[in-house]
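The values are calculated or read from the model by the stated rules, or taken from the named source; none is laboratory data. These figures come from a predicted structure and were not determined experimentally. Every residue, glycine as well, gets a Cβ built from its backbone with ideal geometry; the counts of neighbours run over all protein chains shown.
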Amino acid sequence: MRMLFWLGLLVLIILALKKKMQPPKRPVATSTSTDTHPHSASSAETMVCCAHCQIYLPASEAVQRGEQMYCSKEHADLA
Ligand SMILES: [Zn+2]
């Protein structure tokens, strides 16, 4: 029975050490400081701002016209 106690204690110590050893999870930091959007999303998807109506939308759904991004083809044509 005494052996079991020590075994349990050992497991607890190992678990505590493992927790301490784990590096804090941080998103991959972009070293470039060219990020001008304070609203840069914490999610994986990059959010862009429509140059016409200033609405935010995922970059994959945005329409690019020159250097500007738009929420729709209509707004891209309006600009
Ligand atoms: Zn728009």
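Is one or more of the residues making up the range 40-56 more than 14 Å from the ligand (Cβ to nearest atom), modelled with pLDDT under 95 and in contact with a strand residue (DSSP E or B) (Cβ under 6 Å, 6 or more places away or on another chain)? Within the range 40-56, one or more residues are more than 14 Å from the ligand (Cβ to nearest atom), modelled with pLDDT under 95 and in contact with a strand residue (DSSP E or B) (Cβ under 6 Å, 6 or more places away or on another chain).
Please work out which residue is surrounded by the fewest Cβ atoms within 10 Å (Cβ to Cβ), limiting yourself to the range 57-72 and to residues that are more than 9 Å from the ligand (Cβ to nearest atom) and not in a strand (DSSP E or B). If we take residues in the range 57-72 being more than 9 Å from the ligand (Cβ to nearest atom) and not in a strand (DSSP E or B), then Glu67 is surrounded by the fewest Cβ atoms within 10 Å (Cβ to Cβ).
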